[in-house]
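Step one of this worksheet: look at the structure below.
The values are calculated or read from the model by the stated rules, or taken from the named source; none is laboratory data. Quantities reported herein were computed from a predicted structural model and do not represent experimental measurements. Virtual Cβ from ideal backbone geometry, glycine too; neighbours counted across all protein chains shown. These accessible areas exclude ligands, DNA and RNA; they are computed on the full protein's heavy atoms, side chains included. Shrake-Rupley method; radii C 1.70, N 1.55, O 1.52, S 1.80 Å.
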Amino acid sequence: MARDTMTRSDSDEHTNIIGRIRDEVLRRRRFLLTSHARPDGDSIGSQVAMAFALDALGKAVRIVNADPPPEHYQDFPGVGRIEIASQATPEVDAVIVMECSDLGRTGVAGLEDQFLINIDHHAGNTHYGALNWHDVSAAACGEMVFDLIRALGVPLTQEIATHVYLAILTDTGSFHHSNITPRTFDICRETVEAGVNPAIMARRVFDSNSFGKLKLIGALLDSMELVDEGRLAVLRIDDAMLEACGCTNNDTEGIINLPLTAREIQAVVFFKVSPNGEVRVSMRSKYDVDVRFVATQFGGGGHKNAAGFTVDGRLEDVRADILQRLIAAIEHGLQTRPQ
Ligand code: 5GP
Ligand code: MN
């Protein structure tokens with residue numbers, strides 16, 4: 001199958017790949033949209049915005065994800081239509097995969113032989129689609145979806161704008177990460193003009209914790225370890241802690257960012273130990289501390305300030321190594337930190 005690929009924005013190629021995706025979308029009728037397992041605000045926002053745009057064009061659209069959306073996104077418009085399945089044998093004309101550096105990240109099997117349109121902003125995307133639009137300069141996949149929706153000639157409704165804003169608000173870590181550009185604000189301005197209320201969005205996304213989650217935050221911060229003279233924070237959670245606070249895994253979202261509010265802390269690593277022994281590792285950092293580089297050394301990926309991976313084996317065997325590499329990343333990042 002002929003492949004079309006693009007990795008840089010603001011170029012002729014950028015315009016070209018959007019045009020090719022637009023043409024393929026316009027001439028196809030039935031679509032399946034998907035994104036990565038354990039969806040976040042960018043994956044939800046990108047998919048639902050895209051779904052509303054395809055609805056507006058009269059297309060048939062399904063959204064299939066491996067895991068349910070986090071609870072506080074469930075009352076956003078259109079989120080209820082997301083189907084949860086780990087296997088799909090769809091009768092569709094194209095699958096649009098958003099936010100996935102490789103197809104396996106979807107956690108949805110059975111998509112390999114479909115006409116795949118790959119839209120992603122993660123470094124290291126493997127270009128698995130028939131059409132690959134890969135723009136690492138986008139602060140959120142939602143920025144790319146915004147461009148595509150515009151190219152498709154679909155008006156920016158309040159519903160679409162809400163999901164584009166949700167994608168950007170969450171994937172920039174509420175405008176904390178280093179990948180924000182003037183474009184980010186241009187798009188946000190347009191979403192606000194289309195009816196998005198940033199104050200309400202911030203409250204809905206960040207101030208919707210349950211009491212159980214507040215307890216969990218307390219327990220996690222109480223047990224937080226500081227290493228590297230307080231520059232690295234280490235958090236660990238298991239099912240017993242979740243249960244004690246009446247929480248589920250979904251309630252852990254966002255907690256990783258809290259240690260970064262301490263001035264000295266430059267990076268955070270969060271170990272989530274599941275009962276089957278699997279350990280998910282999430283990392284966040286400030287400025288030029290590159291946690292993606294650390295994640296890639298363990299088979300994961302992400303962005304400079306937000307990355308993750310799954311431990312292959314026992315945490316005890318790699319924990320010291322992970323911390324060592326993070327300390328090295330902090331050291332390296334601090335040398336280039338803006339004053
Ligand atoms: P989180 O810590 O929120 O799970 O992920 C932070 C960022 O790293 C997200 O952009 C996410 O897509 C990426 N990421 C997390 N885990 C993995 C992984 O196992 N592989 C890859 N390629 N990216 C990951
Ligand atoms: Mn993203």
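Restricting attention to segment 310-336, which residues are touching a strand residue (DSSP E or B) at 6+ places or on another chain (Cβ under 9 Å) and either part of a helix (DSSP H, G or I) or within 16 Å of ligand 2 (Cβ to nearest atom) (or both)?
Passing the criteria: LEU315, ASP317, VAL318, ARG319, ILE322, LEU323, LEU326, ILE327, ALA329, ILE330, GLY333.
Restricting attention to segment 269-305, which residues are in contact with a Phe, Trp or Tyr (Cβ under 6 Å, 6 or more places away or on another chain) and open to solvent by less than 40 Å² (accessible area, probe 1.4 Å)?
Applying the first criterion (in contact with a Phe, Trp or Tyr (Cβ under 6 Å, 6 or more places away or on another chain)) to segment 269-305 yields 279, 281-282, 295, 298-300.
Matches in segment 269-305: VAL279, VAL281, SER282, ALA295, GLY300.
Quick one: what pairs do we get from segment 217-234, first residue more than 20 Å from ALA328 (Cα to Cα), second in a loop (DSSP other than H, G, I, E, B) and at pLDDT below 95, C-beta under 9 Å, 6+ apart or different chains?
ILE217/ASN209
Give the number of residues within segment 285-309 that are part of a strand (DSSP E or B), within 9 Å of ligand 1 (Cβ to nearest atom) and closer than 17 Å to ILE330 by Cβ.
Of the residues in segment 285-309, the ones part of a strand (DSSP E or B) are 285, 301-303, 306-309.
Restricting the remaining residues to those that are within 9 Å of ligand 1 (Cβ to nearest atom) gives 301-303, 306-309.
Pick out the ones that are also closer than 17 Å to ILE330 by Cβ and you get 302-303, 306-307.
Result for segment 285-309: 4.
Check GLY173 against each of (1) within 16 Å of ligand 2 (Cβ to nearest atom); (2) out of contact with any Lys or Arg (no Cβ under 7 Å at 6 or more places or on another chain); (3) at pLDDT 95 or above and name the one condition it does not meet.
Among (1) within 16 Å of ligand 2 (Cβ to nearest atom); (2) out of contact with any Lys or Arg (no Cβ under 7 Å at 6 or more places or on another chain); (3) at pLDDT 95 or above, the lone unmet condition for GLY173 is (3).
Restricting attention to segment 37-69, report how many residues are buried (at least 20 other Cβ atoms within 10 Å of the Cβ), aliphatic (A, V, I, L, M) and touching a residue at least 40 places away in the same chain (Cβ under 8 Å).
7
Scanning for something of a type outside the set (A, V, I, L, M, F, W, C), in contact (Cβ under 8 Å) with a residue 60 or more places away in the chain and either part of a strand (DSSP E or B) or away from ligand 1 (no atom under 16 Å from the Cβ) (or both), does segment 134-151 turn up at least one residue?
yes
Give me a count of the residues in segment 80-105 that are more than 14 Å from ligand 2 (Cβ to nearest atom) and either part of a loop (DSSP other than H, G, I, E, B) or of a type in the set (Ser, Thr, Tyr) (or both).
The number of residues fulfilling the criteria is 9.
Checking GLU99 against (1) at positive phi; (2) surrounded by fewer than 24 Cβ atoms within 10 Å (Cβ to Cβ), which single condition isn't satisfied?
(2)
For segment 307-339, enumerate the residues that are under 24 Å from HIS134 (Cβ atoms) and either open to solvent by 20 Å² or more (accessible area, probe 1.4 Å) or among the hydroxyl-bearing types (Ser, Thr, Tyr) (or both).
Result: THR310, single match.
Considering every residue within segment 240-253, establish whether at least one is within 14 Å of ligand 1 (Cβ to nearest atom), open to solvent by less than 40 Å² (accessible area, probe 1.4 Å), under 24 Å from GLN324 (Cβ atoms) and in contact with a helix residue (DSSP H, G or I) (Cβ under 8 Å, 6 or more places away or on another chain).
Within segment 240-253 (the criterion being within 14 Å of ligand 1 (Cβ to nearest atom), open to solvent by less than 40 Å² (accessible area, probe 1.4 Å), under 24 Å from GLN324 (Cβ atoms) and in contact with a helix residue (DSSP H, G or I) (Cβ under 8 Å, 6 or more places away or on another chain)), the answer is no, since none of the residues qualifies.
Which one is farthest from ligand 1 (Cβ to nearest atom) among residues in segment 106-133 that are part of a loop (DSSP other than H, G, I, E, B) and in contact with a Cys (Cβ under 9 Å, 6 or more places away or on another chain)?
So, considering only residues that are part of a loop (DSSP other than H, G, I, E, B) and in contact with a Cys (Cβ under 9 Å, 6 or more places away or on another chain), the one farthest from ligand 1 (Cβ to nearest atom) is TYR128.
Is it true that ALA194 is of a type outside the set (S, T, N, Q) and either open to solvent by 40 Å² or more (accessible area, probe 1.4 Å) or not assigned by TED's automatic domain parsing to the domain that holds LEU156 (or both)?
Answer is no for this residue.
Look through ALA130, ALA167, ALA161, ALA151 and report the one residue that is at pLDDT 95 or above, out of contact with any His (no Cβ under 7 Å at 6 or more places or on another chain) and within 11 Å of ligand 2 (Cβ to nearest atom).
Only one candidate qualifies: ALA167.
What are the residues in segment 4-36 that are open to solvent by less than 30 Å² (accessible area, probe 1.4 Å) and either touching a Cys at 6+ places or on another chain (Cβ under 6 Å) or at pLDDT below 95 (or both), if any?
Selection gives MET6, SER9, SER11, HIS14, HIS36.
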